Amino acid sequence: MSGGGMKLSTLDFVRLLPQFMRDDLAVKGLAQGLNELIPVLDGRAQLLTTWDHIDELGEAELDALAWELNILWYDKGANIETKRQLVKDSDNVYRHLGTKWAVENVIQTYFGDGYITEWFEYNGEPGYFRVYSTNPTLSEERLNEFMNILDKVKRHSSKLEGIYITLTGRMPLAAGMAYHEYGKDTYRLGAAL
């Protein structure tokens with residue numbers, strides 16, 4: 001063979017058989033079966049190398065991979081780093097789908113930070129939870145996107161009680177005190193005789 005040797009995807013196992021085995025129909029049938037099976041397995045093995053190069057994939061490739069992996073919470077409109085992280089975490093999220101961990105993982109991937117507290121952690125009604133975040137973009141314009149994502153990873157029996165955005169920052173604050181004396185009166189208490 002010219003051009004760099006044999007490739008598993010184009011290998012002809014019938015031609016590799018020794019001459020004395022080529023007349024055995026069972027062996028020849030097995031070799032022909034391998035000719036059909038090996039290219040398919042080789043293609044799947046090549047896909048495994050995709051996981052090693054997720055950080056190098058473009059958006060179209062990430063979108064296609066997310067579709068193949070059926071990542072329900074994947075958003076094609078997200079930035080490329082978010083897409084990469086969603087693909088990387090997809091197996092773990094699927095393994096823990098419906099748990100607090102899965103919800104927090106997806107919230108943090110999309111919105112940078114966030115956590116949830118379940119009803120028993122804040123003395124709420126059974127089955128409810130709250131979402132906390134310091135990300136101010138988690139507001140009305142992104143609320144529909146957030147609710148759609150949340151619905152795909154939370155337990156279907158659990159209900160969102162509220163989203164709490166906490167903002168921190170520095171603000172100059174001054175305090176002062178003034179003292180003013182109005183006057184001084186003296187009173188004498190005495191007994192009348």
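Quick notes on this structure:
- Helix axis angle, 100-111 relative to the chain longest principal axis, alpha carbon, degrees: 90 degrees
- Inter-probe distance in nm under a simple model that places probes 7 Å from Cα toward Cβ, at Ile80 and Glu36: 4.2 nm
- The portion of the accessible surface of the chain made up by carbon and sulfur, rounded to a whole percent, is 55 (1.4 Å probe; DNA, RNA and ligands excluded).
- The calculated FRET efficiency for the pair Leu25 and Ala45, based on their C-beta separation and a Förster distance of 25 Å, comes to about 0.25.
- Annotation: Met6 carries an accessible surface of approximately 130 Å², with a 1.4 Å probe and no ligand, DNA or RNA atoms counted.
- Over all pairs of different C-alpha atoms, segment 58-106 has a mean inverse distance whose reciprocal, the Kirkwood radius, equals 10.8 Å.
- Residue ranking by accessible heavy-atom surface, 1.4 Å probe, largest first, among Arg44, Arg130 comes out as Arg44, Arg130.
- Listed residue (His53, Ala66, Asn35) projecting farthest to the positive dipole end of segment 1-106, Cβ model: Asn35
- With the whole protein complex present, Trp101 retains an accessible surface near 110 Å², based on a 1.4 Å probe.
- One decimal place: the segment Ile54-Glu145 gains 30.3 nm when fully extended, by the rule 0.36 nm per residue minus the C-alpha distance.
- Computed magnitude of the charge dipole of the chain (debye, nearest 20; Cβ of K, R +1, Cβ of D, E -1): 380 debye
- The largest accessible area among Tyr128, Tyr115 belongs to the first residue in Tyr115, Tyr128, and the rest follow in falling order (1.4 Å probe, all chains).
- Taking 7 Å steps out from each Cα toward its Cβ at Asp113 and Leu17 produces label points 6.8 nm apart.
- Annotation: the antiparallel percentage among DSSP beta bridges lying fully within the chain is about 40.
The values are calculated or read from the model by the stated rules, or taken from the named source; none is laboratory data. The model shown is predicted, which means the values in this text are computed figures rather than measured ones. FYI the Cβ positions are ideal-geometry reconstructions off the backbone, even for glycines, and counts take in every protein chain you see. These area figures cover heavy atoms from the full protein model, side chains too; ligands, DNA and RNA do not enter into them. Shrake-Rupley method; radii C 1.70, N 1.55, O 1.52, S 1.80 Å.
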